[in-house]
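Asker: Here it is: the structure, laid out below.
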Amino acid sequence: MQGRLSAWLVKHGIIHRSLGFDYQGIETLQIKSEDWHSIAVILYVYGYNYLRSQCAYDVSPGGLLASVYHLTRIEYGVDQPEEVCIKVFAPRRNPRIPSAFWVWKSVDFQERESYDMLGISYDNHPRLKRILMPESWLGWPLRKDYIAPNFFEIQDAH
C-alpha cells in the first residue's frame, strides 16, 4: 500500500521504494544512498523540518547496514504532525551514505554514533569521528560479526 508521501514522490518522478507502514501507521520508505542527499533536501522543502531521530543497525551478519531517519512535518495549528521513516542501506565493505547534517543539524551526534558503532561513513559530515569509543578502538562494536577483544588476555600480557 502506497502512502501519501510515496504517492507525492512518484508524482514528481523521485525514485524510492515504499516499505509500507510500521505498527504506528508511519510510512516507511527506502532511498538509495546516492539519492539520499537530494531527496533529504526535497523532504525538507516539502515540510519535513524536524529530524526526530537517526539510528543505524546491522541488517544481518555479512549483509547490509541501514541508516534510519525519523522525520516530522511540524506545522502551526496541526495537532497530529505527519511523520515518515526513511531507510538508507549501504554495503558492509564500504558503507558510505551522504550526511544529512547540512539539512538537519540535529543529526550531528546521531550520525557520529552510527559511525562509531557500525562504521558507516557519512560523506560531508563536518566532524565525523568516534563519539563513544576511544579513537584507538578497532572495529565496529554493533556489527553482528564483530568479535570483541578478550580483555583478560590483554591484561595477562601486561
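Each reported figure results from applying straightforward, stated rules to the coordinates on display, with no laboratory input. This structure is a prediction, so every number in the text was calculated from the model and none was measured. Here the Cβ positions follow ideal geometry from the backbone for every residue, glycine too, while neighbour counts run over all protein chains shown.
Asker: Would you look at the GNM of the chain, springs on alpha carbons closer than 10 Å, and say which of 80, 54, 110 moves the most?
Answerer: 80
Asker: Continuing with the same structure: Straight-line reach from residue 144: which lysines have a Cα under 30 Å away, not including same-chain ones fewer than 8 places off?
Answerer: Answer for residue 144, where 30 Å is the Cα cut-off: 32, 87, 105, 129, listed by chain and number.
Asker: Of the chain, which part is the longest with no GluC sites (Glu not before Pro) in a loop (DSSP not H, G, I, E, B) and with at most 16 other C-beta atoms within 10 angstrom?
Answerer: 1-74
Asker: Which residues among segment 28-48 fall inside the zone where the amide N is under 13 Å from a point 7 Å beyond the Cα of residue 60, along Cα→Cβ?
Answerer: Residues passing the 13 Å test: none.
Asker: To continue, here is another question. In a GNM of the chain with a 10 Å cut-off on Cα contacts, which of 145, 22, 79 has the highest mean-square fluctuation?
Answerer: 79
Asker: Apply the Kirkwood formula to segment 54-113: the hydrodynamic radius equals the inverse of the mean of 1/r over all pairs of different alpha-carbon atoms; give it in Å with one decimal.
Answerer: Working: mean 1/r = 0.0767 Å⁻¹.
This gives a value of 13.0 Å.
Asker: Which percentage, to the nearest 5, of the DSSP beta bridges contained in the chain is antiparallel?
Answerer: Bridges in the chain are about 70 percent antiparallel.
Asker: What is the Rg over Rh value, at two decimals, for segment 4-147, using alpha-carbon atoms and the Kirkwood definition of Rh?
Answerer: Result for segment 4-147 is an Rg/Rh of 0.98.
Asker: Hey, another quick one. Let me know the longest stretch in the chain that avoids all chymotrypsin sites (Phe, Trp or Tyr not before Pro) found in a DSSP loop with at most 13 other C-beta atoms within 10 Å.
Answerer: Result for the longest clean stretch: 77-136.
Asker: Further question on the same structure: What ³J(HN,Hα) values, in whole Hz, does the Karplus curve 6.51 cos²θ - 1.76 cosθ + 1.60 give for segment 22-27 when θ = phi - 60°, with x put for Gly and Pro?
Answerer: Taking θ as phi minus 60°, the curve returns 7, 5, 9, x, 8, 5 Hz for segment 22-27.
Asker: If I build a Gaussian network model for the chain, linking alpha-carbon pairs within less than 10 angstrom, which residue out of 127, 112, 73 has the largest mean-square fluctuation?
Answerer: 127
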